[in-house]
Amino acid sequence: MKRLLPFLVSSLGLFLLACATPPSEFGVYRQSDGTVGVHAPKSAKETDAQAAAVEECKKLGKRGATIVETRKTVNDRFPMTYIFVCNTY
């Protein structure tokens, strides 16, 4: 019994640590016109931003995302904003 309790406590701690979601590098948001916007960090490529948009589109029941617009911003943390439209193909 003395060995079981520390084992259970440490197992529970590892389980909770494994379930933690790391913070995303991208700022993903839905717009009122149905498009998905992605604020990308400096090190990100357009394909990385598209992958983040596809994940958001899957939450909406769509399969893919096509880029519609690219904008530079004055934000140092997210210098690029990509706008995507979700597709059902």
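Which pairs have Cβ atoms under 7 Å, sit 6 or more apart or on different chains, and link a residue in region 33-53 that is under 15 Å from Ile83 (Cβ atoms) and of a type outside the set (D, E, K, R) to one that is at pLDDT 90 or above and assigned to a loop (DSSP other than H, G, I, E, B)?
Listed pairs, sorted by first residue: Gly37/Gln31.
Criterion first (over 12 Å from Gly27 (Cα atoms) and touching a residue at least 12 places away in the same chain (Cβ under 8 Å)) does Arg77 satisfy it?
Working: over 12 Å from Gly27 (Cα atoms): no; touching a residue at least 12 places away in the same chain (Cβ under 8 Å): yes.
Spelling it out, it is not the case that Arg77 is over 12 Å from Gly27 (Cα atoms) and touching a residue at least 12 places away in the same chain (Cβ under 8 Å).
Within region 41-82, track down each residue that is touching a strand residue (DSSP E or B) at 6+ places or on another chain (Cβ under 8 Å) and among the aliphatic types (A, V, I, L, M).
Across region 41-82, the qualifying residues are Ala44, Ala49, Ala52, Ala53, Val54, Leu60, Ala65, Ile67, Val68, Met80.
The values are calculated or read from the model by the stated rules, or taken from the named source; none is laboratory data. Please read these numbers as outputs of a predicted model, since none were measured by experiment. Note that each Cβ is placed from the backbone with ideal geometry, even for glycine, and that neighbours are counted across all protein chains shown.
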